[in-house]
1. Answer yes if at least one residue in segment 399-407 is within 16 Å of the ligand (Cβ to nearest atom) and at pLDDT below 90, and no otherwise.
2. Go through (1) away from the ligand (no atom under 12 Å from the Cβ); (2) over 21 Å from the mean Cα position of the chain (by Cα); (3) farther than 24 Å from V452 by Cα one by one and return the number of the condition T334 breaks.
3. Please determine whether any residue of segment 249-256 is open to solvent by 50 Å² or more (accessible area, probe 1.4 Å) and assigned to a strand (DSSP E or B).
4. Anything in segment 361-387 that is among the hydroxyl-bearing types (S, T, Y), in contact (Cβ under 8 Å) with a residue 12 or more places away in the chain and within 12 Å of the ligand (Cβ to nearest atom)? List them, or say none.
5. Could you identify the single residue in A14, A52, A41 that is more than 18 Å from H3 (Cβ to Cβ), modelled with pLDDT of 90 or more and crowded, with 17+ Cβ neighbours inside 10 Å?
6. Quick test for you: out of E352, E313, E320, pick the one residue that is of a type in the set (D, E), in contact (Cβ under 8 Å) with a residue 60 or more places away in the chain and away from the ligand (no atom under 16 Å from the Cβ).
7. A155 passes all but one of (1) touching a Pro at 6+ places or on another chain (Cβ under 8 Å); (2) at pLDDT below 90; (3) outside the structural domain of L301 (by TED's automatic domain parsing); which number fails?
8. Just checking, does segment 261-273 include any residue being open to solvent by 20 Å² or more (accessible area, probe 1.4 Å), among the basic types (K, R) and within 29 Å of E352 (Cα to Cα)?
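The values are calculated or read from the model by the stated rules, or taken from the named source; none is laboratory data. Keep in mind that this is a model prediction, so the values were computed, not measured. So basically every Cβ, Gly included, is an ideal-geometry build from the backbone, and we count neighbours across all protein chains shown. All accessible areas refer to the heavy atoms of the entire protein, side chains included, with ligands and DNA or RNA removed. Shrake-Rupley method; radii C 1.70, N 1.55, O 1.52, S 1.80 Å.
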Amino acid sequence: MQHAAVNSAVLTGATASAVSVEVHVSNGLPGFTIVGLPDAAVRESRDRVRAAILSSGLPWPLRRTVVNLAPSGVRKGGAGLDLPIAVGLLVAAGELSPARTEGLSFCGELGLNGSLRHVPGMIALADAAAPLGMVVPLCDVREAALVRGAAVRGAATLGELVAVLRGQANWPTIPRSRGTVHAPDEPNLSDVRGQALGRRAVEVAAAGRHHLLMVGPPGSGKTMLAERLAGLLPPLTPAEALTVTRIHSAAGCAVPDGELLERPPFRAPHHQASIVSLVGGGSWSLRPGEVSLATNGTLFLDELGEFPVAALEALRQPLEEGVIRVSRAGGTVTFPAAFLLVAAMNPCPCGEGVYEGACGCSVAARARYRRRISAPLLDRFDLVVPLSRPDPDELLSDEPGEPSEVVARRVAAARAAGTGHRAGPELTEDAAALLASKLRAGGLSARGLHKVTRVARTVAALAGADVASFAHASEALSLRAGRAVVVS
Ligand SMILES: [Zn+2]
């Protein structure tokens, strides 16, 4: 019997773990078995590996073959185990020297023609790979190299890789970057005419990382404003960029040319999106969901009232803890899920009635509509602003709104000064007295007081003030006035 062991890694959520692919070839009836908790994609590996080996002009063992994936307790998903299985077979069959594969990890999907194909999650896989280095599809080298640098090698085909491992060829040259990848142009706030309150709300939300709910009829610019909020956020720090890129890579979202993503992500799942696509999960490898893809960026939920209650309830954990735990057989996987929540909703079923009696919706219908947003969820929003359709005069004016670049500079300066969650300007006595009077009058809960205080400090930081004054506290109160529309 011949035996080989090859290092690899498998993805679970946004992280990966090391796996050893053990191949035993023995005399007996020809057959091919994979054991050790493989998922369907891994079980189908046999057909891809066989076709790739034969089309590369290499021999397929007509003997009894058992592939054992260790450790046995870890579920193995995806097609990235094709390559280590093929390499293990070739070592066990005496086609490759075990000395040439020792200390290397192999990850890659095989095409039937012997090509090496992209697998998602290269950044995480590279983290879990063996110390000496890893071998991946040539197209994935730059992405894996984000964490492993020069220890990553690549090949375009199985035949090419075998030639290198036999010492007959050098490692192929790694494709060069196609140049700096620029984020697609983000929409600019200068496109928004009028809407002073809405513009101010996205600025304050971006500066203080305050969750924002916009309530208004269709055409009031809720979506336009949300899309422009993303452009006000500062660029990602290197650590944030690696986290964001790792999650996108694990989710199979395109990571442009092996570069780190530089801009905060903006995710806008539709209300008909499945819970799994929202929170993550699904296959055994557990794909990160929208809440994780939005990490260090914005999650925009348009038509908040149309989302299923279960989806809205699932947001509570990420909003409280910045992570989401997805349960599955054999345990729980934790994904990062720390995002700025921006949501928009119509005030009533027909969308027109910002205030009761302003439209034909009955009081009962309005109440039913609003009950979809639970009180605990509503409490998560620091800013709740009512929006109406812009004045026709404003729409017709040629006067562009203040551009995003200018607002983003104020946001960056405010963040540097300390906003919302971090130490920032303290409330003056009369500002504190104003909020205390609202609390006594029942217009604020204790939690609401805490939130409005944080918003007041952000407003002060945006103004470059040392203290949060009465005027700053008043504005903070006006930025939650939309609650009256939603709760009434
Ligand atoms: Zn209505």
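1. Taking every residue of segment 399-407 in turn, none turns out to be within 16 Å of the ligand (Cβ to nearest atom) and at pLDDT below 90.
2. (2)
3. Looking for residues that are open to solvent by 50 Å² or more (accessible area, probe 1.4 Å) and assigned to a strand (DSSP E or B), one finds none in segment 249-256, hence no.
4. Within segment 361-387, Y369 is the sole residue that qualifies.
5. None of the others qualify; the one that does is A52.
6. After applying the criteria, what remains is E313.
7. It fails just one condition, (2).
8. Yes - at least one qualifying residue is present in segment 261-273.
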